Each structure stands twice: as C-alpha cells, then as structure tokens.
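To keep things clear, I will list the structure first and then write my remarks on it.
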C-alpha cells in the first residue's frame, strides 16, 4: 500500500469505528429509559449460561426437527467462524497502521492460527451455501424474507471470497505465509492448485480484493447496530441476563398500597424494564417463537416475534421524545394501537412455547401479560367472556360464571376428610375439578388413591380460587386479594404441604404465593402418584391398553415436570409419545384465560386432538382439569368413543 492508500484506509477505519461506538452508546442510552431490574445475581452461573447458550449454541437444538438442527449447525459455523476470523480481521486492520504487520511473530503458534483461519473460511462458505439453500429451496415459514437478510448473506459471502483471494495472492507474495500455508491451509491450497493458480503476485488484484474486503467489513460493522443483526452484539449479553428457570414466567408483584404506584402494567415502553427493552435488541428474528406458537399455528393474529420486534420499533420511533428529558411527555406512537393490537394480546394462551424456545432468552410472555394488566386494570378493556369470568371471580371467588353447581358437589356420596393440624397435606381441588361435572371424577379418583396409599390429607370445606385465571388475564388486583385470603386461611390452619390436581394452581402456590408471604411445599398429584407407585404404597396391574400423554404447559414448560407423569402412566399401560411432547408440547388452548373466550378459525384444542389421535393410542391422558376439558372437546370432534382420562383416573382404574 502506498501512503495515500494507507491514509484513505485509516480514515475509513476510524470513521467506521467512530460511528459504530456512537450508535452503540445511543442504544445503551435508550435502554436507560427502562425501569430497573436485577439481572446481576449468580454471576458465575450466568457466565456459564451465556457460554453454553451463545458460544456453544445450546439453545439452537431445543427443538429437534430437521430444520432446527440444520439451522443450528449453520449458525455454529457462522458464530465460531466470526470469532476465529476476528483475529484475521485484526491482522488486516493493523497492517493499515503498521506496514507489513503479521502474526508470524507467534512462531510455533502461527501454523495453528493459519489453519484456524483456513478452516473457518471454508466452514462459513459452507454455511452461506446452507443459508441460500434453506431460503431459496426449503422456504421455512417462520423466517423473515426481507432484503436485509439477503444483504447480510451476500456481504458475508463477499468477505469470505475476498479473504480467500487475498490469501491465494499471499502465497506468491509472503514467504512466511506460503511456507506455513502449504501444510496448514488445505482449503486455500486446494483452491490455489485446482481453480486459481497465479504465477506471481498481482498487486492490482490484491488491492482490489483488499478494498472490497475493507469496505464490506466496515459497512457490515456499521450496519449491525442499525439492523436485525444487532443480535450479533446483544445475543451473548442476552443469554447472560436470561431468567433462571423454573418457573418459565415470573411476573413482578404490584404493591397496590403504594401511594406512588403509577401506571398499572405496561401502557408504553416507558413502563417496561431495561431487560424488556433489551429483548428487542437481542431478537435474532429466527421465528422459532412464532413457529411454535399455538395461536399463530391456528391462524390467529399473534406472532410472538412481532411483539418483540414491534416493541423495539416503538422504542425507536419514540426515541426523540423519550430522550427529550420530559418524563411526562406523551409518546407520539402508541404501543397498543399503533405498534401492537389488542387482538394479538388476547390471542395468547400463556403456554410459554415462545419463551421456552428462544435462543436468546427473550420473554415474550411477560410483555403480553404486562400489557394485559394495563388493559384490564386501567382501561377495563377485556374480551366479553373473559370479563364475565373476572366478574365471577370478584363476586363468587371462582371464574365459572353461569354454573349451578356448588363446590361441594364433587364429594357427594364419598367420605373426604377436612384439613386440620393433624393432617400432613392439604389436598387442593381447584375450581375446574369442583365445578365441571366431568372433572369431578379427577378429584374423586385422587381422593381414592390417597386413601389407598394411607396418605394423611384433608380438604378445605370451602375453597376459593387461587387467582391464577385473574393473574393470567391481567387482573393482578383480584389475584392479590385471593392470594392474601388463601394465605391467611392456610396460616391459620397450619398448612405446610399442598397437593394440587391443577398445574395452574400448582404454579400459583409454588411460584406466585411466596411474593405475598405464602411459602409451602407444593406437589402435583401426578408427581405424588408416581412416588406412591415407586415406593409400593399403591400397586398396579399393567394394562395392555396404549396411552398417549398430553403435557400440560404449566407442568412441562413452566415448571419442568415431564418425566414423573410418564413413569406413572408407563406403570399402568404402554406409553406412546405424540410428535410434540414434553417441553415442546402443543397447548390445549385453554391457558391464559382463553378457556373463557370465543375462538375464531381453527380451534387449538382440535389441532392438538388430531396429533393425539394420529398416535392411534387407546387412551389420551392428561394431568390438568383444563386440559381434560379442552382435549375431550377436541377429541369428540373427530372420535366420539376415544377415552380421555386424567392420570389419577388411569391409575385408580388399574389399582390392585
């Protein structure tokens, strides 16, 4: 390079890096608008999590389909390639400021450096071919096909081609490089020997390749913080700031006695925490969340990816006002109405498939419920049937409006002990098993099993709702009242351990009640039943019937309970898995308050029912009263005679 070329290159490098850091600091400034949130606990565990999920791309393989595995391998090539090739880019940039700079001074390590550069040039070219094949031939529905994605693929391909060309030219120009490359750069040598074989160094060709490479890498550098590829910078920090699970979702409690309470829930990006805003920065737009969303799969308006991305765009569109220093200024672009629709917010079943599969730990579900909180508690905007359920909770302490049943109907004709301080467990029946005639059989079977096993338990004479439906629909106030009343009663009775029939009740007691001072040992009936079988307290005859198990979302994804129900069912019959199972299960459609909703288009429960029926199992098993109702209704659409049973019913039927 002559002096003029070197000066021009240096100016380009300094200008590009200057703009890059300006943009990064601007993005960080926007994050400061968010409310505080502690994501700095357990530093060691967070570092390990970031390394496992980002560096080793663990999150890419959570769903073991051909496309996910293919994309995971492709991204590993790209990520590791850029980490390794970063050294080569540093060498090129330093050579602008330090003539003839080379890492040859590494001596014995230099061959390994050359080999790593050569290997990952090859692997990234392979990854680019994989990416083009995926986009042009496979056409996965979940990925975005905007021009920016193709621009990045072309840029990366150009970087690798120019880098390879520069290395080939170096073979005839740099004796230090050529001596090592002949043995340690097989890909470069193959292309040199079989495709391009320059007899001597051509300065013009080399400089053309150099300038194309330099301009491309600098343009790429400045494009990153202005595009979807912002996740290149944000993904590793995002995985450091991930929530530790279970539970999958943790909603911050609201202190309704605080005189300076402010906005209830999220009405605008000003009401979000910095981590919620950062989710937009880290989104890879891979579409896994939307691909697995039951609402989206059945034609509803909701796309979890767009919730995250539209929140980010809302932040950017309101940036001028937000950074003006006027805290009370009204934002020109509304979050709900302009960027996100209420229809999207109310389509969510709260199943958590989106949050569970996200490779960077984004929490779509938290955003949705926080927005619901504002819609319900400040704007009184809620779908009709959900509104009736909330009114029923307020008036009758349960959501089953219109029912003529009482809470005691399920135990008519059977002897069920009431809880007192001599009992070990409180058996919590829950609203669905109490008020829905079909689900009363689940409660009855559970009582029979506990009696047979000699478990010390009792029930409350008059239960009230845990408040879970209200919480998921966004009415945190009703939840706090119910939780407070239940905790007071439990403490007065001396409750220490609780058995639940419903995963939603389980989740509330285990993960939400501690925020209100209620700390109990909580166990799902399916987990306890599995333990009773293993310890020999109940014995079963194994049926020849085949069983397929539908994982309730609030057991599998939200609380990581997947194996105990299967082990209990395997002791009673022959288990056949559905294609979507465990944490990758497909929702029944009844969560998030959608049990009380008018569903348009394809029904989620019917979609899941088709999958269950495709196994040709004799029995469809559940471990949740809401799943029982939804799956029974879905199955009946296609097969009037197929049995749908709870784990407790199956075990009770097979007890010796």
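The values are calculated or read from the model by the stated rules, or taken from the named source; none is laboratory data. Worth saying up front: this structure is predicted, and the values here are computed from it rather than measured. Neighbour counts are summed over all protein chains in view; Cβ atoms, including those assigned to glycine, are modelled from backbone coordinates with ideal geometry.
So which residues in the range 449-481 are assigned to a helix (DSSP H, G or I) and under 25 Å from residue 628 (Cα atoms), if there are any at all?
449, 450, 451, 452, 453, 468, 469, 470, 471, 472, 473, 479
Name the residue, out of 151, 158, that is surrounded by 15 or more Cβ atoms within 10 Å (Cβ to Cβ), within 25 Å of residue 72 (Cβ to Cβ), modelled with pLDDT under 95 and in the same structural domain as residue 65 (by TED's automatic domain parsing).
None of the others qualify; the one that does is 151.
Residue check: is residue 263 outside the structural domain of residue 58 (by TED's automatic domain parsing), under 22 Å from residue 480 (Cβ atoms) and in contact with a strand residue (DSSP E or B) (Cβ under 9 Å, 6 or more places away or on another chain)?
So residue 263 does not fit the description; no.
Here are some residues: 63, 24, 8. Which one is surrounded by 14 or more Cβ atoms within 10 Å (Cβ to Cβ), at negative phi and outside any helix (DSSP H, G or I)?
Step by step, each of 63, 24, 8 is checked, and only 63 is surrounded by 14 or more Cβ atoms within 10 Å (Cβ to Cβ), at negative phi and outside any helix (DSSP H, G or I).
Take residue 337 and decide whether it is out of contact with any helix residue (DSSP H, G or I) (no Cβ under 9 Å at 6 or more places or on another chain), modelled with pLDDT of 95 or more and surrounded by fewer than 22 Cβ atoms within 10 Å (Cβ to Cβ).
So residue 337 passes the test.
Taking the stated definitions as given, is residue 319 over 22 Å from the mean Cα position of the chain (by Cα), at pLDDT below 95 and not assigned by TED's automatic domain parsing to the domain that holds residue 141?
In short, no.
Go through 193, 200, 182, 204 for me and flag whichever is assigned to a loop (DSSP other than H, G, I, E, B) and assigned by TED's automatic domain parsing to the domain that holds residue 56.
Result of the check over 193, 200, 182, 204: 200.
Just one of (1) free of Cβ contacts under 8 Å to residues at least 40 places away in the same chain; (2) surrounded by fewer than 17 Cβ atoms within 10 Å (Cβ to Cβ); (3) farther than 23 Å from residue 352 by Cβ trips up residue 575, so point out which.
(2)
Can you tell which of 482, 493, 528 is over 26 Å from the mean Cα position of the chain (by Cα) and either modelled with pLDDT under 95 or within 23 Å of residue 366 (Cβ to Cβ) (or both)?
482
For every residue, the table says whether it meets (1) in contact with a helix residue (DSSP H, G or I) (Cβ under 6 Å, 6 or more places away or on another chain); (2) within 30 Å of residue 252 (Cα to Cα).
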{"site": "16", "(1), (2)": "yes, no"}
{"site": "35", "(1), (2)": "no, yes"}
{"site": "45", "(1), (2)": "no, yes"}
{"site": "62", "(1), (2)": "yes, yes"}
{"site": "83", "(1), (2)": "no, no"}
